[in-house]
Amino acid sequence: MSDRTMTRQVLLFISVLSLSSVHGQVSYSIPEEMAKGSLVGNIAQDLGLDIKRLKSGKAHIYTGDSAEYIELNKERGVLLIKERIDREALCRQTTPCALHLQIILENPMEFYSITIELTDVNDNSPIFEKSEMKYEIGESALTGTRIVLERAIDDDVGVNGLHSYSLKPSDNFILKTQHLPDGGKNVEMVLQKALDREKQEHIYLTLTAVDGGEPQLSGTMQIIITVLDANDNAPVCSQAVYKASVLENATKGTVLTTVTAFDADQGSYGTVTYHVPKSGAAQLFEIGKEDGVVKLNLNVDYERTKHYQIDVQARDQGGNTDSCKVIIDVIDINDNKPSINIMSKTNSISEDAKPGTVVTMMNIQDPDSDGNGKVHCSIEDNIPFVMRSTSNNFYSLVTDSDLDRERDSEYNISVTCSDEGVPSLSSSVTLTLHISDVNDNAPVFERSSYEAYIIENNTPGLSIFTVKARDADWNQNARVSYILEDSSVNGVPVSSYVSVSADSGVIHAVRSFDYEQIKDFQFRVKAQDGGSPPLSSNVTVKIMIQDQNDNAPQVLYPVQTSSSLVAEMVPRSADVGYLVTKVVAVDVDSGQNAWLSYKLQKVTDRALFEVGLQNGEIRTIRQVNDKDAVKQRLTVVVEDNGQPSRSATVNVNVAVADSFPEVLSEFTDFTHDKEYNDNLTFYLVLALAVVSFLFITCLVVIISVKIYRWRQSRILYHSNLPVIPYYPPRYADTLGTGTLQHVYNYEVCRTTDSRKSDCQFARPCSQNVLIMDPSSTGTMQRMQSEKNILDEPDSPIEH
Ligand SMILES: *[C@@H]1O[C@H](CO)[C@@H](O)[C@H](O)[C@H]1NC(C)=O
Ligand SMILES: *[C@@H]1O[C@H](CO)[C@@H](O)[C@H](O)[C@H]1NC(C)=O
Ligand SMILES: *[C@@H]1O[C@H](CO)[C@@H](O)[C@H](O)[C@H]1NC(C)=O
């Protein structure tokens, strides 16, 4: 467009020169943008034309096609601005810029060329096409990086044209302009300092272009630089070390701590994930990949590991990492019982072990910590043992006082060990300890003394009874043997009386006993155990022999002979109840067996006599009359009270007469062998004298002996002569009681050995004693015959 206009102006100029007569040429120079009606030039004056001529010539301006910026004021002969002229619109950047116009006059036809040069006025600011430009630059961009900027345009020319650029702020970039061959300027922004998105993500710059006019005009453009992120920041843990603690009994999933790391980068470069190595102790824990929460994954055991250290890696998606430590302390829980380990142990201890003897050694372990692992051991109170803590965790069980197997043969000692945890845990073990025996107990008889009875005439070898001793010890120490202790009974070793079975303690009679010889005896039995050395004790055993009715009564008076005859005289004038005689009998048995009763067995005619049942007195029971025979023969049966009873009979001859010759006539048959009887009478008298002497002597001796040996006196009365029988009053008195069992109304007094002494002792208490000799029947028979001889001189009546 501009080219075409130029061409037209040029053509116009040529036509003025060639087609008409050119009278003059005027140039004006005006600034652009003059207000409408402003004066351009006084054309009339400048061309030398008269106003009238202008009018007459109908002067007008010829501009061709171009717009009419200029008008001709014919009145004043001046050129005025008809329309505002914009140089830039008219000429662009072409300089100089001129308007060419012709003033044409008619009558005559004349034309004048007028050139109006338009001078530039700084009426245009530099202008950027866009008010804002956006760029993205990676923060990793190197310094020196160039960014070509859009140029500004200033339509003004020359000095009013674009002059320079400036960029603000200029922290990171500087502006560089480059002159181009076309005269233009290339504007570049050069990075001179590295960008950091993390510091400034968006950079706002203002590019200002200024022209050279006066006043200076400018145009600006906003440059927005977005700094693109680069993974230039590694994650950073907020703490280098995280500390956490966990109870030993914590369950899976317990949150321990949270690891946080920060990455200044953006997006994936700033997204941190957390990782732990999947090996070693770290297996026990898991970490939230995104949130960094550390949780327990398995169970921890304080006793195995007290501390854990895990390395957590914080990683961004660009591969930058940081690592931090998590230290986890396991807090102990009292989850372990103390364990008791027996180090050495005695199963059995002797009962004579001294106090302080070590029975068992043990070691106590509790893997817990502090109080949870502090253990105390104890045992029951009431046993003779104590626990001693020898050194750390070592205990010994020792005896505390004396032991006695017989009191407690076995102990179950329960050792309880408990720790100091809350709640406390404990464990216990039971030790069985046997107390072994020591022979410390002698056998003990069941009774302090024994008494046993045996009926006389026993068979030898009869077991009498059993002694029993117990021994509190054990086994061999308690095996009791019974031993008969040596002693003598009546000068005979006791072993000839009894024997003791060593094993069973059964006492056997060795011989047959005779109550009439020995009534009781005693001996000692020793019980001895099998210990080493053995212990023993002894006991007194008293054997009492019980009477058997093995002796028949013996009649002492009247003395019986088969041939001779003794008769009692009863005067015919005798009153009723006249005591004829008294039958005296003894029984060497005792008690009932010696309790005698008397009965008449055969009574002639009408009964003239009776015999006292108990006393054996024969008395008349009626007056004697003439019919009664002179010669009466009574048979008295003496019977003891034994079971079965034994008896003896005695014949008593009674002569009922007033005079001795009468009797003699009845008893003539009694006389014979007179010389013999004379001799016998002499001996009898002699014997009586000797006996009387001995009797008195013995009486003196026994009184003196009795002072010393009251109880022991056992007197054997061994006599060759009968003693006048004496009937003891007590004998009859006891009848009423019926119990004579232990009341011995008489004793047989004899020395222990009849062969050694003939001495007869009559005891001072002899009013209760009947002295007799059961074995002297022969003597008595002899005596009876002597009596017969004595009687003989009185008996010729019979002849
Ligand atoms: C762990 O032990 C403590 C103390 O003994 C107790 O209070 C707590 O209840 C226990 N926790 C579990 C999960 O058993
Ligand atoms: C000791 O324990 C054993 C076995 O449990 C038992 O047979 C015995 O009677 C106990 N002894 C004592 C003295 O308690
Ligand atoms: C019998 O035992 C008593 C104590 O009971 C004792 O004094 C005595 O010496 C013992 N006798 C013998 C022979 O052992």
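Since every read-out is calculated from the coordinates, none of them should be taken as a lab result. Keep in mind it's a predicted model, so treat the numbers as computed, not measured. Cβ coordinates were reconstructed from backbone atoms using ideal geometry, including for glycine residues, and neighbour counts include every protein chain displayed.
In straight-distance terms, cross-link reach from LYS185 covers every one of the lysines whose alpha-carbon lies under 16 Å from its own, apart from those fewer than eight places away in the same chain; here that gives LYS176.
Mean separation of Cα pairs under 8 Å and 6 or more residues apart, divided by the residue count, gives segment 232-331 a relative contact order of 38 percent. The H on the amide N of THR581, modeled in the peptide plane, is under 5 Å from the matching H of ILE618, each at least 5 residues off or on a different chain. Mind jotting down the distance between the C-alpha centroids of segment 258-285 and segment 420-436, whole Å? Going from one Cα centre to the other spans 51 Å.
Quick check: from the Cα gyration tensor, does segment 9-119 come out rounded (a/c under 1.5), prolate or oblate? Oblate, because a/c is 1.5 or more while a/b does not exceed b/c. At an R0 of 60 angstrom, the distance between the Cβ atoms of LYS134 and LYS374 translates into a FRET efficiency of 0.20.
Dimensions of segment 444-546 based on its C-alpha atoms, expressed as ranges along the principal axes with the largest first, amount to 46, 22, 22 Å. Within segment 226-254, whose backbone N sits under 20 Å from a point 7 Å along Cα→Cβ of SER323? Zone members listed by number: 233-244.
May I ask which of LYS252/LYS289; LYS325/LYS374; LYS130/LYS193; LYS130/LYS199; LYS199/LYS289 have a Cα-Cα span longer than 24 Å here? Those over the limit are LYS325/LYS374; LYS130/LYS193; LYS130/LYS199; LYS199/LYS289. In summary, the lysines within cross-link reach of LYS468, defined as a Cα separation below 30 angstrom excluding same-chain residues under 8 places away, comprise LYS519, LYS526, LYS542.
In plain terms, the chain from ASP171 to VAL444 could stretch by 86.0 nm, reckoned as 0.36 nm per residue minus the Cα-Cα distance. Quotient of the Cα radius of gyration of segment 127-230 and 2.2 N^0.38 Å, N being its number of residues: 1.13. Compared with the direct C-alpha span, the chain from SER504 to LYS252 gains 82.9 nm at full extension, assuming 0.36 nm per residue. A protection proxy built from the mean count of other Cβ atoms within 10 Å ranks the segments 650-659, 314-323, most packed first, as 650-659, 314-323. Each residue in ILE518, ILE507 was given a count of other beta-carbon atoms within 10 angstrom of its own, and listing them fewest first yields ILE518, ILE507. Between ILE127 and ILE153, ASP154, the built amide H atoms are under 5 Å apart, and every one of these is 5 or more places off in sequence or on another chain.
In this calculation the C-beta distance from ASP520 to ALA607 is compared with R0 = 56 Å, giving a FRET efficiency of 0.75.
Here segment 128-158 and segment 193-236 have alpha carbon centers that stand 10 Å from each other. Shape verdict for segment 339-426, please, from the Cα gyration tensor: rounded (a/c under 1.5), prolate (a/b greater than b/c) or oblate. Cα axes put segment 339-426 in the prolate bin. Taking a straight line from the alpha carbon of LYS74, these aspartates and glutamates sit under 15 Å away, with near neighbours fewer than eight places off in the same chain left out: ASP46, ASP50, GLU106.
Does segment 232-331 classify as rounded, prolate or oblate by the C-alpha gyration tensor (a ≥ b ≥ c root eigenvalues; a/c under 1.5 gives rounded; else a/b over b/c gives prolate, otherwise oblate)? Prolate, because a/c is 1.5 or more and a/b exceeds b/c.
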